[in-house]
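Novice: Following this message is one structure expressed as structure tokens.
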Amino acid sequence: MKKLFVFVGDGGSGKTTLITELTKRHSDKFRKVVTCTSRSLRVGEIEGVDYYFLPVEHFMDNPNLVLIKKTENGDYYGTRKMDLQSDAHYPLLTLRFAGIRKLVDLKFENVAVVRILITEKLKIERMQQRGDSEEMISRRLQFDIVDREDIYWEGLEIIDLQATDPLNEKVERVLGAC
């Protein structure tokens with residue numbers, strides 16, 4: 001079974017950019033885990049690429065889904081267990097810090113956490129550059145503080161990266177952990 005790489009970091013740290021680069025450069029090695037949602041398909045999204053779009057009922061007491069969460073607006077998100085394990089590719093998954101706690105509770109083994117650290121100043125700059133509103137930025141800054149609380153890192157392989165590290169360097173660090 002290939003190692004599961006879980007990417008965590010505050011908003012704007014570059015998790016999605018790094019996963020995109022790894023799958024583009026090394027499609028023979030890496031595969032992005034496509035998660036599930038109960039929300040409606042948005043313009044430009046593709047079933048099975050962006051998400052698996054499922055009815056709400058699919059999220060209720062489903063032993064094949066893990067890391068299930070319900071958002072404030074009532075939408076569900078989750079991950080199929082089978083997508084977290086592979087003999088062919090290293091699965092790449094983005095989680096919030098709280099998701100790491102759930103993954104540990106589920107007793108998944110052979111997990112490497114790629115933790116991307118970012119300063120608050122750079123985080124704000126990046127969120128502004130991508131067009132986030134001041135209200136959204138403020139909410140995200142508060143959420144990130146709460147999300148990081150009470151994480152149990154012991155026993156997990158941690159790969160610490162800085163958001164400011166060159167992309168090539170980040171890719172090489174993840175490759176080195178395969």
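Every number here is computed from the coordinates shown, using simple stated rules; none is lab data. If you're wondering where the values come from, they're calculated on a predicted model, not measured in any experiment. Ideal geometry is used to build each Cβ from the backbone, glycine not excepted, and the neighbour counts take in all protein chains shown.
Novice: So if I restrict to the alpha-carbon atoms in the chain, what is the Rg, and what is Dmax, the biggest pairwise distance, in Å?
Specialist: Cα only, the chain: 16.2, 44 Å (Rg, Dmax).
Novice: How large is Rg over Rh for region 58-102, taking Rg from the Cα atoms and Rh as the Kirkwood inverse mean of 1/r across Cα pairs?
Specialist: 0.99
Novice: Within 10 Å of each candidate Cβ there may be at most 15 other Cβ atoms; applying that plus a DSSP loop requirement, which trypsin sites (Lys or Arg not before Pro) in region 98-178 survive?
Specialist: Qualifying residues, ordered by number: 107, 130, 148.
Novice: If you don't mind, another one. DSSP loop (so not H, G, I, E, B), at most 13 other Cβ within 10 Å: list which GluC sites (Glu not before Pro) in region 1-61 pass both filters.
Specialist: For GluC sites (Glu not before Pro) across region 1-61 that sit outside H, G, I, E and B with at most 13 neighbouring Cβ atoms in 10 Å, the list reads 45.
Novice: Taking 8 Å as the Cα distance limit and 6 or more residues as the minimum spacing, I'd like the relative contact order of the chain as a percentage.
Specialist: Rounded, it is 33 percent for the chain.
Novice: Now, a different point. Toward the positive end of the charge dipole of the chain, about the Cα centre and with charges on Cβ (Lys, Arg +1; Asp, Glu -1), which of 128, 53, 38 goes farthest?
Specialist: My answer, from the dipole projection, is 53.
Novice: Still on this model: Of the GluC sites (Glu not before Pro) in region 89-168, which ones lie in a loop per DSSP and count no more than 10 other C-beta atoms within 10 Å?
Specialist: Taking region 89-168 and a limit of 10 other Cβ atoms within 10 Å, the loop GluC sites (Glu not before Pro) found are 109, 149, 154.
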